[in-house]
Structure formats: C-alpha cells, structure tokens
1. Find how much the distance from V128 to K208 grows on full extension, using 0.36 nm per residue of separation minus their present alpha carbon separation; answer in nm with one decimal.
2. Taking 7 Å along the Cα-to-C-beta vector as the label spot, tell me the E219-T267 distance in nanometres, rounded to one decimal.
3. Based only on the alpha carbon positions, what is the Kirkwood hydrodynamic radius of the chain, in angstrom?
4. Using only the alpha-carbon atoms, how far is helix 254-263 inclined from the longest principal axis of the chain? Give it as 0 to 90 degrees, nearest 10.
5. Per 0.36 nm of contour for each residue apart, how much would the distance between N200 and L65 grow if the chain were fully extended, relative to their Cα-Cα spacing?
6. Compute the signed sum of charges (Lys and Arg +1, Asp and Glu -1) over the other residues within less than 13 Å, Cβ to Cβ, of A281.
7. I need the fraction of alpha carbon pairs in the stretch 109-205 separated by more than 15 Å, rounded to a whole percent.
8. Near R181, within a Cβ-to-Cβ distance under 12 Å, what is the net charge of the other residues, with Lys and Arg +1 and Asp and Glu -1?
Amino acid sequence: MEIPSSLVTAAWLKQHIDQPDLVVLDASWFMPGSERNAKEEWQQQAIPRARFFDFDTEIKDHASLLPHMLPSAELFAEQVTQLGITNQSKIVVYDSQGIFSAPRVWWMFRAMGHQHVAVLDGGLPAWVQAGGQLSQGEMPISATVDYRANFQPHWLVDADTVNRQLNNYAVTIVDARPKARFNGEQPEPREGVRSGHMPNAQNLPFAKLVVDGHLAKSEKLAQYFEALSLDKTDIDVQLQEQQYIFTCGSGITACILALAAEQTGRTNLAVYDGSWTEWGAETRYPVEC
C-alpha cells in the first residue's frame, strides 16, 4: 500500500484501514481556554486503532518556553517509537474539527524525513459521514524496531531567518491568522504579545482554505497563492524557486497553509515554528499594523 498524496479521503481510508502497515493518528488539539480535552475525546471516540499524537504536551521541545515547538530528532524518534510507528509505516493523521491541527503533525513527520504521511480530508466528521466505524482510543504496544528520524532543516525556519528575509522578493511570508489580528485591529490572545504583522508579510487566513471542514479544491487553493504574488510580477522567480514561509499564532494553522501550498505543486515550503507568539513578544523584531 502506498499513500497516494498528502491528502486522502475518508473513502480511501475506509478501503485501506485494515492494512497492517497503516497507522492512524488522532492529532486533535483545541485553543487555550477551550473546555474540550482532545485526549479524553479520543479515548471516548476514535477511528479504529487510532493512536493519540500529543504534540502539545509530550512530543515537543520541553526546553522551550514557546508552546509546542518541534522537538529534537532524538526525542521525536523516541516518542514515535512508543506509538508503535516504524520508518515503514504509512501514516494518516486526522483531527476532530476537520482540517485544523492534523496538518501540524503531517508537517512534523515531513520535517523528520517521513514521506509516507497524509492528512485525512474532513477529519473525524468526514469519517463518520462516510459510515466509518468508531472505537475507543487505546495506547498501542511500542514498535519492536526503533524509529529513526532524519531531520530535514528546509521545512523549518527560526525568527532570525525570517527577519533576514523580510525584504527578499524571492521569499513570500504568509500569515495564517485572521485579518483583524494581522492588521492589529484585534488584540492578541496571549499576554505580552504585540498586535500587527511582519513587514512585507501577506495575509491568507487559514479559514479561507477550509470549506465545511475540508481543504478547498486545488484550483481554488492555487488562485489564493497566485494572488499573493501579483505584486511581484516584475520578479522572475519560477514556481519551484519561490520560497514560502508560513506563520500564524503558535505554529499550528501555518501548517494548514503548508499543506495547501503543497497541494498546488509548490515545493519550497517552510514553517516559522515560533510564529507570532515569539515574534510579537520579542521587541527586537519589527512590527507593522
């Protein structure tokens, strides 16, 4: 069995759910302040044999003060091994909101060199609508073979790298936050974080790319990304050469944009992991409204 693309349908998953090398991961996550508990919900209702991937409290950089930062390759490999995942596993990630937090885990695996990973389009609601069975989440037995991560640095950028690229017209910095936050018209939810956006950044709210919990069609996605480059028509940069850096509030919804961009054939993609939580709090980085 092969993963056909980075986005699979509920019908495809139903057809392949019993394949022995398939691993299904529940990557549900809710915004701080929500009364919902993703892990408890997984324990009550999950796609059969789905394992819970906790990128918020477990599979993260525990030394960082920023939320759910990408862990080291060593910690990632250790945690993934405990989930019963091997380098040969074919992985499908979903979340309970449709398309929200699952792309984060897709990006994490791609950043660690795992190619055979996809997001379930429409998430758990699409699975239920397709008549898929449900079960209670259970932790798996650890894999008998250690997982080996192969970190791919081009998938990740830090704040200093972003700062150096603000005036580089071969780089498009795209912010996934809602327009009001991008324009500084709405306060940031985290205390001590300035309002506004990075100079020369462009705004593509992630909600525009999601229709009824599903990622918009590739043709529509392409229109959104092409519109970002309309003011760069004098810059001769081919599609495969243009770099996109995606940012958001804390590195979650930026990954929706990365997944969407990949669906349009764009390949030079990176996520600024610290995102606005870091940038807005560090006064040495410039902000515009």
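1. Between V128 and K208, full extension yields 26.4 nm more.
2. Calculated label separation equals 2.5 nm.
3. After inverting the mean inverse Cα-Cα distance, the result is 19.4 Å.
4. 80
5. 45.9 nm
6. Value of the local net charge: -1.
7. Details: 3633 of 4656 pairs.
That tail contains 78 percent of the Cα-Cα pairs.
8. The answer is +1.
Laboratory data are not the source of any read-out in this text; all were calculated from the coordinates shown. Nothing here was measured: the structure is a model prediction, and the numbers come from that model. Reconstructed Cβ throughout: ideal geometry from the backbone, glycine too, with neighbour counts over all protein chains shown.
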